[in-house]
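Reviewing the structure listed below.
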Amino acid sequence: MNDDTRTGLFISFEGGEGVGKSTQIRLLAKRLRARGHDVTVSREPGGTPGAEAVRHVLLDQAAAESFGPAMEALLFAAARNDHVEQVIRPALARGEVMLVDRFMDSTRVYQGMSGNLDPGFVTSLERVAVHGTVPDLTIILDLDPETGLKRAHARRTQGQQRDRFEKETVAVHEARRRAFRHIAEAEPDRCRLIDASGDAADVAEAVWHAVEPLLERRPGGERR
Ligand SMILES: Nc1ncnc2c1ncn2[C@@H]1O[C@H](COP(=O)(O)OP(=O)(O)O)[C@@H](O)[C@H]1O
Ligand SMILES: Cc1cn([C@H]2C[C@H](O)[C@@H](COP(=O)(O)OP(=O)(O)O)O2)c(=O)[nH]c1=O
């Protein structure tokens with residue numbers, strides 16, 4: 001299937017741990033649905049049974065210990081391709097708004113930059129995994145890592161486990177923040193860098209400001 005059938009709107013959310021991606025996706029989905037849009041929400045790694053199985057391996061310290069960043073990047077790419085083919089493209093072909101918690105920029109940052117991989121390797125993998133299905137808009141939530149990690153810690157007390165990527169040093173998280181900012185600067189047409197330090201409602205307003213103009217430009221957008 002190629003992208004000629006794409007009439008939906010594809011939005012990815014990126015940023016470090018605890019910046020508020022899932023909170024903002026939830027708030028945006030609610031706002032979109034209240035206005036009559038069909039919305040599909042998903043996350044990476046994951047989104048299909050096969051990709052969720054890969055997620056389980058990748059986020060488990062014991063299981064993933066022996067993988068280097070290149071092997072990890074391959075696995076994230078395999079999970080992404082399944083997700084693109086099974087969930088994202090069909091939703092876009094149905095004309096829906098597709099919201100994804102992390103996508104290709106996470107591989108660029110977590111494996112490519114942090115893992116010091118050859119950029120040519122990362123680009124080739126991305127091309128195979130995404131196969132032309134690049135987000136129309138990528139919201140990059142920007143927050144200092146100490147605050148993000150505190151938020152992620154608070155979330156754990158609400159019942160979630162800490163994964164292996166959350167256990168790294170603040171310096172590593174700082175470098176990732178810079179890498180996300182760099183992507184936002186390098187691709188201003190696709191990416192919006194949003195300050196995520198305010199309360200969730202304020203951040204949601206900034207997100208809406210970025211999304212609303214794209215809704216109007218979609219086929220059928222004005223009917224909604
Ligand atoms: N703007 C905000 N201010 C304060 N706390 C927030 C904000 N956004 C989210 N949180 C809280 O921080 C924690 C992490 O948010 P979450 O949306 O799960 O982040 P992410 O998906 O980026 O890891 C959650 O407990 C959430 O309720
Ligand atoms: C999609 C993706 C995620 N990751 C990492 C980032 C996160 O630490 C983890 C996803 O775990 P998740 O629990 O979804 O974290 P968060 O709530 O912070 O988004 O996987 C990569 O390293 N590469 C990737 O391509």
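Values quoted throughout were computed directly from the atomic coordinates according to the rules given, and no laboratory measurement underlies them. These numbers come from a predicted model, not from an experiment. Every residue, glycine among them, receives a Cβ derived from its backbone with ideal geometry; neighbour counts consider all protein chains shown.
Observations on the model:
- Projecting the Cα atoms of Val84, His56, Gly36 onto the dipole axis of the chain, where Lys and Arg carry +1 and Asp and Glu carry -1 at the beta carbon, places Gly36 farthest toward the positive end.
- Stretching Ala186 away from Ala200 to a fully extended chain increases their span by 2.4 nm, per 0.36 nm per residue minus the current alpha-carbon distance.
- The calculated Kirkwood hydrodynamic radius for the chain is 17.8 Å, given to one decimal from all distinct C-alpha pairs.
- Rounded to the nearest 20, the size of the Cβ-charge dipole of the chain about its Cα centre is 580 debye, with Lys and Arg at +1 and Asp and Glu at -1.
- With at most 16 neighbouring Cβ atoms within 10 Å, loop GluC sites (Glu not before Pro) (DSSP) excluded, longest segment of the chain: 66-167
- Max mean-square fluctuation residue, GNM over the chain, Cα-Cα springs under 10 Å, options Ala200, Ala78, Ala34: Ala34
- The Gln86 and Thr147 beta-carbon pair, evaluated with R₀ = 30 Å, returns a calculated FRET efficiency of approximately 0.30.
- As a length-normalised measure over Cα pairs under 8 Å and 6 or more apart, the relative contact order of the stretch 7-223 settles at 32 percent.
- Between Arg31 and Ser66, the FRET efficiency from the beta-carbon distance, with R0 = 30 Å, is close to 0.10.
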